[in-house]
Amino acid sequence: MAQNGDIFWVHLIRVISVICVVLLHSAAQVLQLDVTYGSTDWWIANVIDSATRMCVPLLFMLTGFLLLNKSETITLFFRKRLIKVVVPLVAWTGIYASWLVLVERHNPSPISPLSIEISENLLTNFPVSLFRFLFGPAYYHLWFLYTLIGLYFCIPLLRVLVQNAERQLLWYFIIAWGVASVIFPVVVQAKVLLSIELGMVTGNIGYLLLGYLLGTITITKKLFFWMLPLYVVSVIITAVGTWWLSTTDVLSFFFYTAGPAIPTMAVSSYLILRYLIECQSGSQLSWFKRATIQLSHCTFGIYLVHALFLYAFHKGMFGFTLDAVQGSAILYIPLTAVAVYLSSYLVVVLFRQVPLIKVIVP
């Protein structure tokens, strides 16, 4: 039997997740410009942004599927996992902090509005800035690594639950998480006083358990066909909800990883992709499989690198400008995403050939 890490649908979901991250950040270039609000381009960017919001939850779900059913000591777990996150985090924090001071301080990008503030703090109060980086990202996309480290601390505890509890209890945990992380925030947003405490099951921890549970169930054709409209409805809710709140200070409410429709979007896309792969024969997928697995091994590095290329293309640092705002969004969002993704992939492949550098793009 194949190990979890060798299952093809795991590689596919990982690749698609990071492609969606790049698409999302490309679309954000349009959404950050208030002058385009409500225009056709704004709606195109909003729909693309909404349709790709399941990207990071999918990565959390894969983490749960791959790690929750393993048996190893806590020491071994942290030695194997944290080194692959902490070393890249330290390295890329240094890279992006230097980038902010040397480049973005003089020419900020709308997609990283805090770049000037962070770079000025680095110059005027370096020790305090370093201390802040222990708890928060130097650049907008690095939040994922901090969250992942937090989830890693929860995994040894969740393993005890997964390996000893009945399925019914695990699904009860998911229901409690859904209430605490999805329903309660909506109630609070509606200005209703909420005194029920469910803090122990909030945040992204539910995605770990969801990934494990949904990775081990049998997906029937009927379930697959139910997932298709669920994904579409989730995207519509997110896009329309974002439009509805766009004139308020809670614009990103529908974009949170546990936003009102993000969990259902993540669940449906996870099961759809699993089903599509599992119902195909190996011979039909041989060439596609090889390419996907190759990309899968580079996804973490692509995630870390891509923000540099988004900025560089946006500011014309290669002698030409390429971003989502220079023309029709339906054309330039995917075009920008493809250019950024492929450029990032090539850099990661190059970095992985150098012994001392490959550790920062594991």
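We did not get these values from a lab; they are worked out from the coordinates using the rules stated. All values derive from a computational prediction rather than experimental measurement. Cβ: placed from backbone, ideal geometry, glycine included. Neighbour counts: every protein chain shown.
Here are a few things to note about the model shown:
- Global geometry of segment 4-360, whether rounded, prolate or oblate, following the gyration tensor of its Cα atoms and the 1.5 cut on a/c: rounded
- Extreme residue, positive dipole direction of segment 4-360, given options Val305, Val47, Leu356 (C-beta unit charges): Leu356
- A simple packing score, the average count of other Cβ atoms within 10 Å per residue, orders the peptides 44-53, 307-316 as 44-53, 307-316, with the highest score first.
- Dipole magnitude for segment 4-360: about 1080 debye, using +1 per Lys or Arg Cβ and -1 per Asp or Glu Cβ, origin at the Cα centre.
- For the set Lys84/Lys222; Lys221/Lys358; Lys80/Lys222; Lys315/Lys358, the pairs lying more than 32 angstrom apart at their alpha carbons are Lys84/Lys222; Lys221/Lys358; Lys80/Lys222.
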